[in-house]
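This report concerns only the one structure given below.
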Amino acid sequence: MRKLLLNLLLLFFFSEILSAQNSSKMDDEGAVVFMYHRFGDSRYPSTNIRMEQFEAHLQYLSQNGYNVWSLSKIVRHILEGREIPEKVVALTIDDAYKSIYTNAFEKFKKYNFPFTVFVNSTPADNGSKNYMSWDEMREMQAFGAEFANHSTTHDYMLPKEGEDEQDWKKRIKEQIESAQKRLQEELGETTNENPKLFSYPFGEYTKESAEYIQSLGYIGITQTSGAIGMHSDTRTLPRFAMSEAYADMDGFTLKLKTLPLPIDSVSSIEPLVKEQNPPKLTIKLKHPLKNVGCYLSSGKAITVEWLSDREFSVQTDEALKAPRDRYTCTAPSNDGRWYWYSHLWIVK
(Lines give C-alpha, C1' and ligand atoms only; values in the text may rest on other atoms or scores of the structure.)
Protein backbone atom coordinates (compact mmCIF):
# COMPACT_ATOMS: atom_id res chain seq x y z
CA MET A 1 0.00 0.00 0.00
CA ARG A 2 2.85 2.33 0.96
CA LYS A 3 4.59 1.57 -2.36
CA LEU A 4 1.40 2.35 -4.30
CA LEU A 5 1.02 5.69 -2.52
CA LEU A 6 4.67 6.51 -3.25
CA ASN A 7 4.21 5.73 -6.96
CA LEU A 8 1.09 7.89 -7.08
CA LEU A 9 2.94 10.77 -5.43
CA LEU A 10 5.82 10.43 -7.89
CA LEU A 11 3.41 10.32 -10.82
CA PHE A 12 1.70 13.48 -9.55
CA PHE A 13 5.07 15.19 -9.00
CA PHE A 14 6.35 14.45 -12.51
CA SER A 15 3.02 15.36 -14.12
CA GLU A 16 3.21 18.76 -12.39
CA ILE A 17 6.74 19.25 -13.71
CA LEU A 18 5.67 18.36 -17.25
CA SER A 19 2.67 20.66 -16.98
CA ALA A 20 4.90 23.53 -15.84
CA GLN A 21 7.37 22.83 -18.63
CA ASN A 22 4.60 22.78 -21.23
CA SER A 23 3.13 25.98 -19.82
CA SER A 24 6.53 27.69 -19.98
CA LYS A 25 7.05 26.46 -23.55
CA MET A 26 3.63 27.78 -24.54
CA ASP A 27 4.45 31.12 -22.91
CA ASP A 28 7.81 31.42 -24.68
CA GLU A 29 7.00 30.05 -28.15
CA GLY A 30 5.49 32.42 -30.67
CA ALA A 31 5.29 33.47 -34.29
CA VAL A 32 7.31 35.93 -36.33
CA VAL A 33 5.53 38.37 -38.64
CA PHE A 34 7.34 40.23 -41.42
CA MET A 35 6.10 43.42 -43.05
CA TYR A 36 6.84 44.51 -46.63
CA HIS A 37 5.68 47.47 -48.72
CA ARG A 38 7.13 47.59 -52.24
CA PHE A 39 8.82 44.90 -54.34
CA GLY A 40 11.51 45.56 -56.95
CA ASP A 41 10.84 49.31 -56.97
CA SER A 42 14.23 50.94 -56.42
CA ARG A 43 12.75 54.46 -56.43
CA TYR A 44 11.78 53.99 -52.77
CA PRO A 45 14.64 52.14 -51.02
CA SER A 46 13.32 52.83 -47.51
CA THR A 47 10.13 50.84 -48.20
CA ASN A 48 11.30 48.60 -51.05
CA ILE A 49 12.82 45.14 -51.06
CA ARG A 50 14.88 43.96 -54.00
CA MET A 51 13.47 40.90 -55.73
CA GLU A 52 16.60 38.83 -55.16
CA GLN A 53 16.28 39.57 -51.43
CA PHE A 54 12.62 38.60 -51.40
CA GLU A 55 13.28 35.40 -53.34
CA ALA A 56 16.00 34.48 -50.84
CA HIS A 57 13.56 34.98 -47.95
CA LEU A 58 10.91 32.74 -49.47
CA GLN A 59 13.44 30.12 -50.49
CA TYR A 60 14.86 29.96 -46.96
CA LEU A 61 11.40 29.51 -45.44
CA SER A 62 10.61 26.77 -47.95
CA GLN A 63 13.87 24.88 -47.51
CA ASN A 64 14.00 25.05 -43.71
CA GLY A 65 10.61 23.71 -42.74
CA TYR A 66 8.83 26.91 -41.75
CA ASN A 67 5.04 27.00 -41.51
CA VAL A 68 3.83 30.11 -43.35
CA TRP A 69 0.41 31.06 -41.99
CA SER A 70 -1.93 33.93 -42.69
CA LEU A 71 -1.78 36.58 -39.98
CA SER A 72 -5.45 36.01 -39.14
CA LYS A 73 -4.73 32.35 -38.36
CA ILE A 74 -1.99 33.32 -35.91
CA VAL A 75 -4.23 35.88 -34.21
CA ARG A 76 -7.07 33.35 -33.92
CA HIS A 77 -4.71 30.99 -32.09
CA ILE A 78 -3.85 33.78 -29.64
CA LEU A 79 -7.47 34.80 -29.09
CA GLU A 80 -8.60 31.19 -28.60
CA GLY A 81 -5.64 30.24 -26.39
CA ARG A 82 -4.41 27.58 -28.81
CA GLU A 83 -0.70 26.85 -28.79
CA ILE A 84 1.31 28.20 -31.71
CA PRO A 85 3.66 25.51 -33.07
CA GLU A 86 7.35 26.13 -33.62
CA LYS A 87 8.58 27.83 -36.80
CA VAL A 88 5.39 29.73 -37.65
CA VAL A 89 5.77 32.83 -39.84
CA ALA A 90 3.37 35.33 -41.44
CA LEU A 91 4.15 37.53 -44.44
CA THR A 92 2.28 40.84 -44.48
CA ILE A 93 2.28 43.82 -46.84
CA ASP A 94 1.07 47.36 -46.17
CA ASP A 95 -0.53 49.87 -48.56
CA ALA A 96 -1.47 47.60 -51.52
CA TYR A 97 1.08 49.05 -53.94
CA LYS A 98 1.02 47.85 -57.55
CA SER A 99 4.34 46.01 -57.27
CA ILE A 100 2.68 43.43 -55.01
CA TYR A 101 0.70 42.27 -58.02
CA THR A 102 3.29 42.86 -60.75
CA ASN A 103 6.38 41.54 -58.93
CA ALA A 104 5.60 39.66 -55.71
CA PHE A 105 2.48 37.70 -56.58
CA GLU A 106 4.30 35.23 -58.84
CA LYS A 107 6.78 34.51 -56.05
CA PHE A 108 4.01 33.79 -53.55
CA LYS A 109 2.41 31.43 -56.07
CA LYS A 110 5.75 29.75 -56.79
CA TYR A 111 6.21 28.83 -53.11
CA ASN A 112 2.47 28.44 -52.40
CA PHE A 113 2.64 30.80 -49.42
CA PRO A 114 -0.36 32.71 -48.05
CA PHE A 115 0.03 36.41 -47.32
CA THR A 116 -1.88 39.32 -45.82
CA VAL A 117 -2.27 42.74 -47.48
CA PHE A 118 -3.39 45.81 -45.51
CA VAL A 119 -5.35 48.05 -47.87
CA ASN A 120 -6.04 51.77 -47.74
CA SER A 121 -9.11 51.73 -49.93
CA THR A 122 -9.25 55.19 -51.54
CA PRO A 123 -6.42 54.65 -54.10
CA ALA A 124 -8.12 51.49 -55.36
CA ASP A 125 -11.44 53.32 -55.58
CA ASN A 126 -9.78 56.15 -57.51
CA GLY A 127 -8.03 53.79 -59.94
CA SER A 128 -4.54 54.97 -58.99
CA LYS A 129 -1.90 53.43 -61.25
CA ASN A 130 0.48 53.14 -58.28
CA TYR A 131 -1.86 50.83 -56.36
CA MET A 132 -3.57 47.53 -57.03
CA SER A 133 -7.07 47.47 -58.44
CA TRP A 134 -9.93 45.59 -56.82
CA ASP A 135 -9.84 43.11 -59.73
CA GLU A 136 -6.18 42.36 -59.03
CA MET A 137 -6.96 41.88 -55.36
CA ARG A 138 -9.76 39.48 -56.21
CA GLU A 139 -7.34 37.47 -58.35
CA MET A 140 -4.93 37.19 -55.44
CA GLN A 141 -7.75 36.39 -53.04
CA ALA A 142 -8.69 33.42 -55.23
CA PHE A 143 -5.14 32.15 -54.76
CA GLY A 144 -5.44 32.43 -50.96
CA ALA A 145 -4.28 35.92 -50.10
CA GLU A 146 -6.21 37.76 -47.38
CA PHE A 147 -6.94 41.47 -47.19
CA ALA A 148 -7.25 43.63 -44.08
CA ASN A 149 -7.90 47.19 -43.00
CA HIS A 150 -5.37 50.04 -43.31
CA SER A 151 -7.92 52.93 -43.26
CA THR A 152 -9.37 54.73 -46.28
CA THR A 153 -6.71 57.39 -46.91
CA HIS A 154 -3.74 56.26 -44.76
CA ASP A 155 -4.47 59.05 -42.30
CA TYR A 156 -2.74 59.46 -38.92
CA MET A 157 -4.53 57.85 -35.99
CA LEU A 158 -3.11 60.44 -33.57
CA PRO A 159 -5.21 63.52 -32.74
CA LYS A 160 -4.42 66.44 -35.03
CA GLU A 161 -3.76 69.98 -33.85
CA GLY A 162 -7.01 71.69 -32.88
CA GLU A 163 -8.98 68.41 -33.02
CA ASP A 164 -11.03 67.67 -29.90
CA GLU A 165 -11.71 64.13 -28.69
CA GLN A 166 -15.13 63.91 -30.33
CA ASP A 167 -13.86 65.02 -33.75
CA TRP A 168 -10.80 62.79 -33.47
CA LYS A 169 -12.84 59.69 -32.65
CA LYS A 170 -15.30 60.49 -35.41
CA ARG A 171 -12.47 60.78 -37.95
CA ILE A 172 -10.85 57.52 -36.87
CA LYS A 173 -14.15 55.64 -36.90
CA GLU A 174 -14.99 56.90 -40.40
CA GLN A 175 -11.51 56.03 -41.69
CA ILE A 176 -11.72 52.46 -40.39
CA GLU A 177 -15.37 51.62 -40.93
CA SER A 178 -15.47 53.10 -44.45
CA ALA A 179 -12.42 51.05 -45.44
CA GLN A 180 -13.97 47.92 -43.94
CA LYS A 181 -17.17 48.54 -45.89
CA ARG A 182 -15.27 48.88 -49.17
CA LEU A 183 -13.22 45.74 -48.49
CA GLN A 184 -16.38 43.73 -47.96
CA GLU A 185 -18.24 45.26 -50.90
CA GLU A 186 -15.39 44.40 -53.27
CA LEU A 187 -13.90 41.23 -51.76
CA GLY A 188 -16.83 39.60 -49.97
CA GLU A 189 -18.79 40.12 -46.78
CA THR A 190 -16.54 37.84 -44.71
CA THR A 191 -13.38 39.77 -45.63
CA ASN A 192 -11.38 40.81 -42.55
CA GLU A 193 -14.02 39.50 -40.14
CA ASN A 194 -12.39 36.61 -38.28
CA PRO A 195 -10.72 38.49 -36.72
CA LYS A 196 -10.82 42.14 -37.77
CA LEU A 197 -7.23 43.31 -38.31
CA PHE A 198 -6.13 46.94 -38.50
CA SER A 199 -2.62 48.12 -39.36
CA TYR A 200 -1.81 51.57 -37.97
CA PRO A 201 -0.84 53.96 -40.80
CA PHE A 202 2.79 55.05 -40.37
CA GLY A 203 2.92 52.55 -37.51
CA GLU A 204 1.82 55.31 -35.12
CA TYR A 205 -0.72 55.05 -32.33
CA THR A 206 -1.34 56.27 -28.80
CA LYS A 207 -2.66 54.31 -25.83
CA GLU A 208 -5.97 56.12 -26.28
CA SER A 209 -6.22 55.40 -30.02
CA ALA A 210 -5.22 51.75 -29.50
CA GLU A 211 -7.94 51.34 -26.88
CA TYR A 212 -10.54 53.11 -29.02
CA ILE A 213 -9.74 51.00 -32.10
CA GLN A 214 -9.94 47.90 -29.92
CA SER A 215 -13.41 49.07 -28.77
CA LEU A 216 -14.44 49.11 -32.45
CA GLY A 217 -13.61 45.40 -32.59
CA TYR A 218 -10.15 45.47 -34.21
CA ILE A 219 -6.79 43.87 -33.47
CA GLY A 220 -4.07 46.52 -33.74
CA ILE A 221 -1.03 45.72 -35.89
CA THR A 222 2.09 47.88 -35.55
CA GLN A 223 5.45 48.33 -37.27
CA THR A 224 7.30 47.83 -33.97
CA SER A 225 9.69 44.89 -34.10
CA GLY A 226 9.45 41.64 -32.14
CA ALA A 227 7.88 38.20 -32.14
CA ILE A 228 4.29 37.68 -31.00
CA GLY A 229 3.07 35.06 -28.57
CA MET A 230 0.14 33.85 -26.50
CA HIS A 231 0.35 36.81 -24.12
CA SER A 232 1.09 39.56 -26.62
CA ASP A 233 -1.03 42.71 -26.37
CA THR A 234 -3.60 42.45 -29.17
CA ARG A 235 -3.86 46.25 -29.29
CA THR A 236 -0.27 46.46 -30.55
CA LEU A 237 0.98 43.26 -32.20
CA PRO A 238 4.53 43.72 -33.58
CA ARG A 239 6.10 42.95 -36.95
CA PHE A 240 9.62 43.07 -38.35
CA ALA A 241 9.84 45.61 -41.18
CA MET A 242 11.77 44.46 -44.25
CA SER A 243 13.42 46.93 -46.63
CA GLU A 244 16.57 46.98 -48.77
CA ALA A 245 18.91 48.09 -45.97
CA TYR A 246 17.67 45.50 -43.44
CA ALA A 247 16.75 42.53 -45.61
CA ASP A 248 20.08 40.69 -45.88
CA MET A 249 19.91 37.03 -44.97
CA ASP A 250 21.82 37.37 -41.69
CA GLY A 251 19.32 39.93 -40.45
CA PHE A 252 16.36 38.01 -41.81
CA THR A 253 17.32 34.71 -40.18
CA LEU A 254 18.19 36.41 -36.87
CA LYS A 255 14.69 37.94 -36.70
CA LEU A 256 13.10 34.75 -38.01
CA LYS A 257 14.40 32.86 -34.97
CA THR A 258 13.26 35.32 -32.31
CA LEU A 259 10.92 34.61 -29.41
CA PRO A 260 8.52 36.97 -27.64
CA LEU A 261 10.09 38.38 -24.50
CA PRO A 262 8.12 36.68 -21.65
CA ILE A 263 6.51 39.86 -20.33
CA ASP A 264 4.20 39.89 -17.33
CA SER A 265 3.57 43.65 -17.49
CA VAL A 266 4.85 46.88 -19.03
CA SER A 267 4.63 50.24 -17.27
CA SER A 268 2.59 51.60 -20.19
CA ILE A 269 1.98 50.93 -23.87
CA GLU A 270 1.83 54.72 -24.39
CA PRO A 271 4.38 55.62 -27.09
CA LEU A 272 3.75 59.38 -27.15
CA VAL A 273 6.58 61.22 -25.38
CA LYS A 274 5.06 64.08 -23.42
CA GLU A 275 6.67 65.87 -20.49
CA GLN A 276 9.46 63.41 -19.73
CA ASN A 277 12.08 63.10 -22.46
CA PRO A 278 13.91 60.75 -22.35
CA PRO A 279 11.05 58.45 -21.29
CA LYS A 280 11.42 55.64 -18.77
CA LEU A 281 10.13 52.12 -19.42
CA THR A 282 9.68 49.43 -16.77
CA ILE A 283 9.19 45.78 -17.72
CA LYS A 284 8.27 42.87 -15.44
CA LEU A 285 9.08 39.41 -16.79
CA LYS A 286 7.17 36.17 -16.26
CA HIS A 287 10.41 34.46 -15.28
CA PRO A 288 14.03 35.59 -14.80
CA LEU A 289 16.27 35.99 -17.85
CA LYS A 290 20.02 36.46 -18.02
CA ASN A 291 21.97 38.93 -20.16
CA VAL A 292 19.10 41.28 -21.01
CA GLY A 293 20.35 44.12 -23.22
CA CYS A 294 18.42 47.19 -24.39
CA TYR A 295 19.18 49.54 -27.28
CA LEU A 296 17.99 52.61 -29.17
CA SER A 297 17.16 52.41 -32.89
CA SER A 298 20.69 53.64 -33.60
CA GLY A 299 22.10 50.60 -31.81
CA LYS A 300 23.31 52.61 -28.83
CA ALA A 301 23.13 50.57 -25.61
CA ILE A 302 20.84 51.70 -22.78
CA THR A 303 21.67 50.92 -19.16
CA VAL A 304 19.39 48.25 -17.67
CA GLU A 305 18.48 48.90 -14.03
CA TRP A 306 17.27 45.75 -12.27
CA LEU A 307 14.56 46.32 -9.64
CA SER A 308 14.24 42.59 -8.83
CA ASP A 309 15.18 39.31 -10.49
CA ARG A 310 12.19 39.73 -12.85
CA GLU A 311 11.73 43.50 -13.17
CA PHE A 312 13.92 46.16 -14.78
CA SER A 313 13.79 49.76 -16.01
CA VAL A 314 15.47 51.40 -18.98
CA GLN A 315 15.94 55.08 -19.74
CA THR A 316 18.43 56.51 -22.19
CA ASP A 317 20.70 59.36 -21.05
CA GLU A 318 19.69 61.87 -23.72
CA ALA A 319 16.43 63.24 -25.11
CA LEU A 320 14.91 61.30 -28.00
CA LYS A 321 14.66 63.14 -31.30
CA ALA A 322 11.58 63.49 -33.52
CA PRO A 323 9.76 61.88 -35.14
CA ARG A 324 10.20 58.50 -33.45
CA ASP A 325 12.61 56.06 -31.80
CA ARG A 326 12.47 52.72 -29.98
CA TYR A 327 13.75 50.93 -26.92
CA THR A 328 14.51 47.36 -28.01
CA CYS A 329 15.31 44.75 -25.36
CA THR A 330 16.70 41.30 -26.13
CA ALA A 331 18.07 38.30 -24.26
CA PRO A 332 19.58 35.00 -25.44
CA SER A 333 17.45 31.88 -25.03
CA ASN A 334 18.82 28.45 -24.17
CA ASP A 335 18.44 27.17 -27.75
CA GLY A 336 20.47 29.85 -29.50
CA ARG A 337 17.53 32.09 -30.36
CA TRP A 338 16.77 35.55 -28.97
CA TYR A 339 13.93 36.91 -26.89
CA TRP A 340 12.90 40.27 -28.36
CA TYR A 341 10.66 43.19 -27.39
CA SER A 342 10.55 46.69 -28.85
CA HIS A 343 8.70 49.73 -27.50
CA LEU A 344 7.81 52.59 -29.85
CA TRP A 345 8.35 56.23 -28.86
CA ILE A 346 6.77 59.09 -30.82
CA VAL A 347 8.35 62.50 -30.34
CA LYS A 348 6.30 65.49 -31.44
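The values are calculated or read from the model by the stated rules, or taken from the named source; none is laboratory data. Computed from a prediction, not measured in an experiment: that's the story for all the values here. When we count neighbours, we look across all protein chains shown, and the Cβ atoms used for this are built from the backbone with ideal geometry, even at glycine. For accessibility, only protein heavy atoms count, side chains too; no ligands or nucleic acids. Shrake-Rupley method; radii C 1.70, N 1.55, O 1.52, S 1.80 Å.
Brief remarks on what is shown
- This model, with +1 at the C-beta of Lys and Arg and -1 at the C-beta of Asp and Glu, gives the chain a dipole about its Cα centre of some 760 debye.
- Listed residues His37, His150, His231 arranged by accessible area, highest first, probe 1.4 Å: His231, His37, His150
- Taking all pairs of distinct alpha-carbon atoms in the chain, Kirkwood radius in angstrom: 21.4 Å
- For the chain, the 222 nm mean residue ellipticity estimated from helices alone, with every DSSP H stretch of n ≥ 4 adding -39500 (n - 2.57) and the total spread over all residues, rounds to -10000 deg cm²/dmol.
- Put a dot 7 Å past the Cα of Asp248, heading toward its Cβ, do the same for Thr206, and the two dots end up 4.0 nm apart.
- The residues of the range 245-343 expose, per residue, 53 Å² of accessible area to a 1.4 Å probe.
- As a calculated quantity, the FRET efficiency between Glu318 and Ser268 at R0 = 25 Å, using C-beta atoms, amounts to about 0.75.
- Solvent-accessible heavy-atom area per residue, rounded to whole Å², over the range 80-200 at 1.4 Å: 45 Å²
- Theoretical FRET efficiency, 1/(1+(r/R0)^6), r = Cβ-Cβ of Lys257 and Ser178, R0 45 Å, to 0.05: 0.70
- The GluC sites (Glu not before Pro) found in the range 223-332 that occupy coil by DSSP, while having at most 16 further C-beta atoms within 10 Å, are Glu275, Glu318.
- Charge dipole of the chain about the Cα centre (unit charges at C-beta), most positive-ward option of Ser133, Leu61, Phe39: Leu61
- Among the DSSP helices (H) of the chain, those spanning at least 20 angstrom by Cα along their long axis with an average Kyte-Doolittle hydropathy of 0.0 or more are 2-28; this is a geometric and hydropathy rule only.
- Centre separation in Å (Cα based) which lies between the range 166-228 and the range 265-315: 28 Å
- Counting only protein chain heavy atoms and rolling a 1.4 Å probe, the accessible areas of Ser298, Ser199 rank, largest first, as Ser298, Ser199.
- Highest mobility in the GNM of the chain, judged by mean-square fluctuation with C-alpha springs under 10 Å and restricted to Thr258, Thr316, Thr236, is found for Thr316.
- Of Lys129/Lys321; Lys160/Lys284; Lys207/Lys284; Lys169/Lys348; Lys255/Lys284, those spanning more than 28 Å from alpha-carbon to alpha-carbon: Lys129/Lys321; Lys160/Lys284
- Chain lengthening between Asp125 and Arg138 when straightened (0.36 nm per residue, less Cα-Cα): 3.3 nm
- Database remark: amide H of Ala227 closer than 5 angstrom to the amide H of Leu261, Trp340 (H placed geometrically; neighbours at sequence offset of 5 or more, or on other chains; Pro and chain starts carry no H).
- Put simply, when 126-132, 182-188, 342-348 are sorted by average Cβ atoms within 10 angstrom per residue, most first, you get 342-348, 182-188, 126-132.
- DSSP finds beta bridges in the chain, and of those with both partners inside it, around 50 percent are antiparallel.
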